[in-house]
1. For the range B:132-194, take every pair of Cα atoms, bin their distances at 10 Å starting from 0, and report each bin as a whole percent.
2. What aspartates and glutamates sit close enough to A:K160 to cross-link, taking a C-alpha to C-alpha distance under 14 Å and skipping anything fewer than 8 places away on the same chain?
3. Compute a Gaussian network model of chain B, connecting alpha carbons closer than 10 Å, and tell me which residue from B:R184, B:R121, B:R164 fluctuates the most.
4. Tell me the carbon and sulfur percent of the accessible area for the range B:140-199, rounded to whole percent, probe radius 1.4 Å.
5. Quick one: among A:F90, A:F153, A:F12, which has the greatest mean-square fluctuation in a GNM of chain A with alpha-carbon springs under 10 angstrom?
6. Once the Cα atoms of helix B:133-163 and of chain B are each reduced to a long axis, what angle between those two axes, in degrees from 0 to 90 to the nearest 10, is obtained?
7. Specify which residue in the list B:L173, B:L138, B:P148 is farthest towards the positive end of the charge dipole of the range B:132-194, using unit charges on the beta carbon of Lys, Arg (+1) and Asp, Glu (-1), about the Cα centre.
8. I'd like to check one number: the per residue accessible area of chain A, probe 1.4 Å, reported in Å² as a whole number.
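The values are calculated or read from the model by the stated rules, or taken from the named source; none is laboratory data. What you are looking at is a predicted structure, and each value in this text was computed from that prediction instead of being measured. Cβ atoms come from the backbone with ideal geometry, glycine included; neighbour counts cover every protein chain shown. When the accessible area is computed, the model is the full protein with side chains, heavy atoms only, and any ligands, DNA or RNA have been set aside. Shrake-Rupley method; radii C 1.70, N 1.55, O 1.52, S 1.80 Å.
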Amino acid sequence: MTTRDLVLIALFAAITAVLGLFPALTLPLTGVPVTAQTLGVMLAGSLLGARRGGLALLVFLVLVAVGLPLLAGGRGGAAVFAGVTAGFLFSWPIAAWLIGWLTEKTWERYNLWRAVAINIVGGIVLVYAGGIAWMVAVAGIPLDKALYGSLPFIPGDALKVAVAAAAAIALRRYQQHPLGHPA
Amino acid sequence: MNLSLYQPGTSPVHRLHAVWKLAGLFAAGIAVLLTESPLLLAIGLASVLACFMLARLPLGAVLRQALPLFAVLAVFFAAHAIFTSPELGTILVLRFATIIGCGLLLTLTTKVSDMMAVLERALRPLALFGINPAKISLVFALTIRFIPVLADTWMSVRAAQQARGLGGNPLALLVPVTIQTLRRADQIAEAIEARGVEL
């Protein structure tokens, strides 16, 4: 890894933290502000690629674990990794890695729809699978109940998928050469 | 911006070395899985609470972190009471509450720098696999330094876009912030290398 790779990992870990400090999105119709840290997951994956994107989120989680209040709502510390919903957090680095990997694979044909599809696979399917698997395995919640309990969060995450995909496309057009091929 | 949950103090809990507190957290994590007796688990939770009393932490700081976690636990207990059994719910809630309590105590009584020191020592064996631990330390230090910088960037971009009437557009915020970040990456990398930092 070059010094630039290390700096990019740190910067995107920091972006994910900043996304937790401010509500970035407002849900249409309901007007509920959504803190958008999974945007950081999707951005890190689609802009940095698998390796650097996954590591950026890993760095972020380690900093949360050692006691920085970087999660939305100023939460942090070792305790959040023992909670009922910790599986969602553990999924983030894997999701960023997967989004990055799929982006690298489709780099030549990358467009808005592929970006949306990739973000859905990594940012929703994988994150929910991780979160729900944790609830079922660790917290003993029946699978169907865990599924239904997670449904209300899907609209917000769908919005984030769209925003992250549009941002990735806009940035790709802008940043083609300096960023180069991810990974 | 206060970037730490640490609450200064001089109690025995504060003075205990971070390694021992971490070891205690892991031990508690294993211990609660070894028993299904609500009585034993309740004793465990009570001893964690006793440690909180011993640490004499400000109540507000504890509640600010604890309430969101325990709100989830309340919903979780209700779900178990309805769908499985209240007995199972009680056991699981006691387990989670004990571990969450231990984690909270660790975080509130331990400086981030002490935790990082333990982490860096734990990462030292990675050198055997060709990974330079100094690189990892650099990334953590850079991230902590970048958070307030990027928060500033975020606020100035947000103010600029609000002035243009784009305050409600997440893309108008996210794209410029990310572009500035990517540009900055080159400058910072050059600056690090120009100072001859050997990685």
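1. Bins of 10 Å from zero give 20, 41, 26, 11, 2 percent of pairs.
2. Reachable aspartates and glutamates: none.
3. B:R164
4. Numbers: 1640 of 3140 Å².
Ligands and nucleic acids excluded, carbon and sulfur reach 52 percent.
5. Its mean-square fluctuation being the largest, the pick is A:F153.
6. 70 degrees
7. B:L173
8. Values: 6760 Å² over 183 residues.
Roughly 37 Å² per residue, with all protein chains present.
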